[in-house]
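J.: What follows is a single structure, and I will ask about it in a moment.
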Amino acid sequence: MAGGQKGGMPGLTPPAPIPMKERSSILFIEYGQIDVIDGAFVVVDKTGIRTHIPVGGFACLMLEPGTRISHAAAALAARAGTLLVWVGEAGVRLYASGQPGGARADRLLYQARLALDEASRLKVVRRMFELRFGEEAPARRSIDQLRGIEGVRVRKMYELLAERHGVEWNRRAYDRSDWEASDIPNRCLSAATACLHGLSEAAVLAAGYAPAIGFLHTGRPLSFVYDIADLFKFETVVPVAFEIAGKAAKGRLEEPPDRAVRRACRDVFRASGLLGKIIPAIEDVLAAAGEAPPAPPEDAQPPQFDDGPPSGDLGHRG
């Protein structure tokens with residue numbers, strides 16, 4: 001029977017959310033029942049064995065097919081500020097996600113204002129280009145032109161990494177409806193970027209911004225997530241994907257490529273200190289517009305209960 005606390009909420013009273021930079025990155029869960037038992041967040045396998053998960057210590061949990069989660073567990077994850085992401089086979093297709101952050105309306109308004117102003121949006125995109133490629137974006141170029149330049153460079157970087165690791169590479173191509181239809185390099189790349197996107201979404205929400213309001217990417221539920229993830233893609237997950245694909249081509253893998261990719265991504269996230277970099281990068285690119293966040297409205301009411309200074313990131317509800 002699930003544990004409880006005063007007021008009827010499931011689980012033990014969680015600590016205030018841990019800042020994103022101090023958490024572990026991601027954890028994939030498959031074929032298990034996730035629940036709160038005796039106050040602990042656990043996964044129960046088909047034999048009844050319980051595995052405890054320190055839910056507040058992770059940025060996000062990726063729930064693969066064969067996973068069930070109770071209301072109590074979802075509530076506890078939300079209060080701990082941990083993003084739950086329901087994904088498809090190999091963690092590639094995203095079906096749904098929770099929302100532990102998003103508590104800062106002022107930041108949502110600030111982000112939307114910059115995205116709606118073409119001059120501000122261009123400044124943000126130019127800063128993203130500079131961070132990504134280590135040089136100033138070409139002058140007098142539109143966002144569409146910068147997107148085209150970026151595409152050419154990305155394709156070239158894929159070719160160079162494929163050559164370095166002995167991978168046969170044609171182009172970036174995958175079918176969302178048929179995972180097995182893609183070749184191994186594309187499947188490795190899809191699995192790797194899915195890891196990075198999950199982590200980036202958790203950071204975007206924890207910082208109080210909207211995943212859908214993008215600057216270079218637009219029109220998708222995770223446009224801003226893609227914008228931010230791209231800043232780190234080639235220094236983290238893309239080299240990992242090609243390295244694993246190269247090992248698979250040479251018969252040096254002892255596990256499925258997608259599983260090897262996820263393990264390698266977890267290691268590179270830890271080694272690079274990525275969780276400590278994402279939120280500062282968000283603030284950096286938005287600050288490039290040169291506009292201050294909007295001041296609170298005059299009729300804004302203060303909090304009715306003072307919980308003291310929060311320990312988590314600004315977007316956490318805890």
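Bear in mind these aren't lab numbers, they're just calculated from the coordinates by the rules spelled out. The shown structure was predicted, so the numbers you read here are calculated from the model rather than taken from an experiment. We place every Cβ from the backbone using ideal geometry, glycine too, and count neighbours over all the protein chains shown.
J.: Net charge within 12 Å of residue 68 by Cβ-Cβ distance, Lys/Arg positive one each and Asp/Glu negative one each, not counting residue 68 itself? Show your work: numbers first, answer last.
T.: On the way: positive: 46; negative: 30, 35, 45, 64.
Overall, the nearby charge balance is -3.
J.: While we're here: Take residue 183 and residue 144, extend 7 Å from each Cα along the Cα→Cβ direction, and tell me the distance between the two endpoints in nm.
T.: 3.2 nm
J.: A further question follows. At 7 Å along Cα-to-Cβ for each site, give me the label-to-label distance between residue 164 and residue 105 in nm.
T.: A separation of 4.8 nm, rounded to one decimal place.
J.: Pop the C-beta distance of residue 117 and residue 218 into the FRET formula with R0 = 22 Å and round what comes out to the nearest 0.05. Mind showing how you got there, number by number?
T.: On the way: r = 14 Å, r/R0 = 0.64.
The pair residue 117/residue 218 has a calculated efficiency of 0.95.
J.: For the stretch 20-97, go through all pairs of different Cα atoms, get the mean of 1/r, take its inverse, and jot down that Kirkwood value in Å.
T.: Working: mean 1/r = 0.0799 Å⁻¹.
Mean inverse Cα-Cα distance, inverted, gives 12.5 Å.
J.: Please go through the stretch 128-176 and write out the trypsin sites (Lys or Arg not before Pro) that DSSP classes as loop and that have at most 12 other C-beta atoms within 10 Å.
T.: Numbers: sites: 132, 140, 141, 147, 153, 155, 156, 164, 171, 172, 176; in loops: 140, 141, 171, 172, 176.
Answer in residue order: 140, 171, 176.
J.: Please give the peptides 279-292, 53-66, 22-35 ranked by average Cβ packing (other Cβ atoms within 10 Å per residue), highest first, as a rough proxy for protection.
T.: Values: 279-292: 16.6, 53-66: 20.1, 22-35: 18.5.
Descending mean neighbour count gives 53-66, 22-35, 279-292.
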